[in-house]
Every structure is written in structure tokens, then in C-alpha cells.
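To start, the structure itself, in C-alpha cells.
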Amino acid sequence: MTPVELSDLALELARRGEANGSAATAVERLVAESSGRRELLEEARSILVLRIRRRSGDFEATGALSLVLRALSEVGHERQPFTAGPTGARLIAPLQRLNPLRRRPARV
């Protein structure tokens, strides 16, 4: 399933969900249709956010976004290895520009 199809499914589930109040089953279906792949759900979320930005009063897209966000919380996060940001001179140089009175650290 593509992200566009997933966002369309979320829109349809949001439309139907308002009638019978079955948000939990809609979330389960979104997770199943995405095969638990977080990247598909994130792309569907981006599509819905763009739609809401174009038309701020789009309540169907807002309901669909709510379902996709709940599905994302069901899927959870994948653990990524921690990578430290810039170190050494690349980290210190911007800080020194912010506070020029600060002494420079001794070079080792």
C-alpha cells in the first residue's frame, strides 16, 4: 500500500468512524494495512498535514490525521543507535562566536 492510499483509507475510516464511533478498529486497520511500517504511516501523516495546511477547515483530514497519529503511537519507535552530534572544534567554535568574551579552551 502506498502512503497516498493509506491517507485515503484514513480519510474513509474517519468519515465512517464518526457515524459509529469505532476509532480503535480504524487504528487497528491502519496498522494492519501499513504492515506495521512506521515510514508509511509517517508519509501518510505528511500528506494529511499538507492537506490541512491548504484548507484549515478540513475536518475530515483532521479526523484522519488523528487516526494516523494514534496508529503511529501503536507502532512505536524503532531503536536507533545514538550518534553524538558535532564534537571538538566543530562544537566549540559556534559557541565562541555567541560569547566572544569566553576564553578558548586549551588545545590538547
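Here, each number is a calculation from the coordinates, and none is a lab measurement. Note that the coordinates shown come from a computational prediction; the quantities given were computed from them, not determined experimentally. Neighbour counts are summed over all protein chains in view; Cβ atoms, including those assigned to glycine, are modelled from backbone coordinates with ideal geometry.
Name the residues of region 40-67 whose amide N is less than 14 Å from a point 7 angstrom out from the Cα of residue 29 along the C-beta direction?
64, 67
Based on the Cβ-Cβ distance of residue 55 and residue 2, what FRET efficiency does E = 1/(1 + (r/R0)^6) give at R0 = 30 Å, to the nearest 0.05?
Here the calculated transfer efficiency is 0.85.
If you build the Cα gyration tensor of region 1-80 and take the root of 5 times each eigenvalue, what three semi-axes come out, in whole angstrom, biggest first?
They are 19, 15, 10 Å, listed largest first.
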